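Here, each number is a calculation from the coordinates, and none is a lab measurement. Given the structure is predicted, the values throughout are model-derived calculations rather than measurements. Cβ atoms come from the backbone with ideal geometry, glycine included; neighbour counts cover every protein chain shown.
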C-alpha cells in the first residue's frame, strides 16, 4: 500500500511512542525525589505553624482526614508529646481579591492560634501579597489569639468594625484571611474532642 | 559575515532578538517579568528547552515528513518542557517553587516553534543547536532587561530573591536602589509589561537606525 496518509500516520505514531517512552522513564526516575520534596515542604510549613508547642512525633505523618464546614476534605496534622496531642495544623481557605487564598493554621490543644502562613494565593503583588511572611509581619499577628480573644464579633478587619488592620489599598485580602482564620478556629472548636484524642 | 556561527550568535542575541525584533513569545515576556530574577529564570528554562528541541528536530529532520511536522515539533517541545518541569521539581526545588507555575507555559510560547520551523528543520545538528541556544539566551537577555526596568521602577529593587534562584553566594546581587515607598505599582502590574516592552522595542529600533541598518519588519524571519 502506498497510501501517503498511512506513512504520515506511522511517522507521527513512531514519534509519539518514542517520546512517550522517554517521558515515562523520566517520570519514573523523578517520582521518589518529587515525593520527598513535597514531604519536606509540608514539614517546613508544619514546623512553622506548630512552632511554640513541644512535640516528639513527626506531625507530617500523624494525620487524620476530616471534613470542614464547606464539606471539603482536609488533612489534619497532629503534634504529640508522649502521645498527648499538643497542637494540630490544617489548611484553611479564604476568598481573596483574585481567587482562593490557601493558608495553613496551627492551633494548640486549648484552641489558641500557634501560627498562620499563606501557602498559595493570587493576590496583587505589592498590595495583597503582604500576607506572605517574607513580605511583612502582618500574618504573625494571629499568634496567641483564640475565639475568646478577640470576641467573635470583633474577628473582622477594622473597616468592618473589627480588630484587624487592613493594608493600604487592600481590604479584601485581609478580610478573606481573617475570615479564614476565624473559620479555622471554629472548625477546631466544633471537632475538639476528635482532633485531640490520644493515640 | 564569513563565519556562519558568528551570524547565528549575533542574530539570536541581538539583531533578530526573539522579543525585541520578532515580537514573539510576548506572553511570558510580559507575564514573567515582574522582577529581573523571574525573567532571568524563565529565560534560562526557555533556552534549555529551545536548545534541546532544536537539537532533536535537526537530528530527525530527514525522518519528519512535511505533512506532520507541526505536530511532531509540538510533541518534541512538549516533551522537553515536561522533562525540565519534572527535573526541576525533583532536583532544583527552590527554583521550582518560584518558576514552577510558568514552566508548562513554555509549550505555548511561539518562539521555540518558530525557530524549529524556520531554522532547525532545515539545518544540520550543530548549527541548529547553536541557534536554539542563542535564540534562548537572547530571550533571556530580553526578559531580564524588561524585568530589571519594571522591578527598579515598580519595587525599587534589582535582582531581589536572586539567591533563591542561583544559590546563597549570589546574595550580593540583591540590590535596593529606591525606597519601597517610591515604587510605582503599575509597573509590576500588566500595563507595566506592555509599556516597558514597547519602549524596549523602540530603543532597539533607534539603536539599529543609528547603526545605519534598515529596520527589519517584525516577523520577517519567522512565523507568527
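The gain in end-to-end length when the residue B:97 to residue B:122 segment is fully stretched comes to 5.3 nm, 0.36 nm per residue minus the alpha carbon separation. Relative protection proxy for A:119-126, A:107-114, A:60-67, from highest mean packing down: A:107-114, A:119-126, A:60-67 (other beta-carbon atoms within 10 angstrom).
Computed over the Cα atoms of the protein assembly as shown, the ratio of the radius of gyration to the Kirkwood radius (Rg/Rh) comes to 1.06.
Other protein chain C-beta atoms within 10 Å of residue C-beta, averaged over A:6-15: 5. Principal-axis analysis of the Cα atoms of chain B puts helix B:125-155 at an angle of about 20° to the longest axis.
The slack in the chain from residue A:160 to residue A:102, taken as 0.36 nm per residue of separation less the alpha-carbon distance, amounts to 18.7 nm. Based on C-alpha pairs under 8 angstrom that are at least 6 apart in sequence, region A:32-121 has a relative contact order of 24 percent. Taking 37 °C and 0.692 mPa s as the conditions, I'd like the Stokes-Einstein D for region A:84-193 in µm²/s, using the Kirkwood hydrodynamic radius from alpha carbon pairs. Estimated via Stokes-Einstein, D reaches 237 µm²/s. Dividing the mean sequence gap of close Cα pairs (under 8 Å, 6+ apart) by how many residues chain A holds gives a relative contact order of 16 percent.
Applying 1/(1 + (r/R0)^6) with R0 = 41 Å to the Cβ-Cβ distance of residue B:166 and residue B:210, what FRET efficiency is obtained, to the nearest 0.05? For residue B:166 and residue B:210, the calculated efficiency is 0.75. Inter-chain neighbour count for B:73-82: the average number of beta-carbon atoms from partner chains within 10 Å of each residue's beta-carbon is 3. Taking packing as the residue-averaged number of other Cβ atoms within 10 angstrom, the listed peptides B:45-58, B:82-95 run from highest to lowest as B:45-58, B:82-95. The rule of thumb for compact globular proteins, 2.2 N^0.38 Å, goes into the C-alpha radius of gyration of region B:93-188 1.36 times.
For the residues of A:34-41, the average number of beta carbons from a partner chain within 10 Å of their own beta carbon is 3. Each label was represented as a point 7 Å from its Cα along the Cα-to-Cβ direction; for residue A:72 and residue B:176 these points are 3.5 nm apart. Largest GNM mean-square fluctuation among A:174, A:59, A:150, using chain A with Cα springs under 10 Å: A:150. Ordering A:190-196, B:36-42 by mean Cβ neighbour count within 10 Å, with the highest value first, yields B:36-42, A:190-196. Rounded to the nearest 10 degrees, what's the angle between the helix A:172-190 long axis and the longest principal axis of chain A, both from Cα atoms, 0 to 90? Rounded to the nearest ten degrees, it is 80.
Among A:146, B:155, the order by Cβ neighbours within 10 angstrom, fewest to most, reads A:146, B:155. Relative to the longest principal axis of the Cα atoms of chain A, the long axis of helix A:4-49 lies at roughly 20 degrees. The ranking of B:152, B:64 from fewest to most other beta carbons within 10 Å of each one's beta carbon is B:152, B:64.
Quotient of the Cα radius of gyration of region A:1-88 and 2.2 N^0.38 Å, N being its number of residues: 1.98. Classify chain B: rounded, prolate or oblate, from the alpha-carbon gyration tensor (a ≥ b ≥ c, eigenvalue square roots; a/c under 1.5 rounded; otherwise prolate if a/b is larger than b/c)? Oblate shape, in that a/c is at least 1.5 and b/c is the bigger or equal ratio.
Kirkwood analysis of chain A, using all unique Cα-Cα pairs, places the hydrodynamic radius at 19.2 Å.
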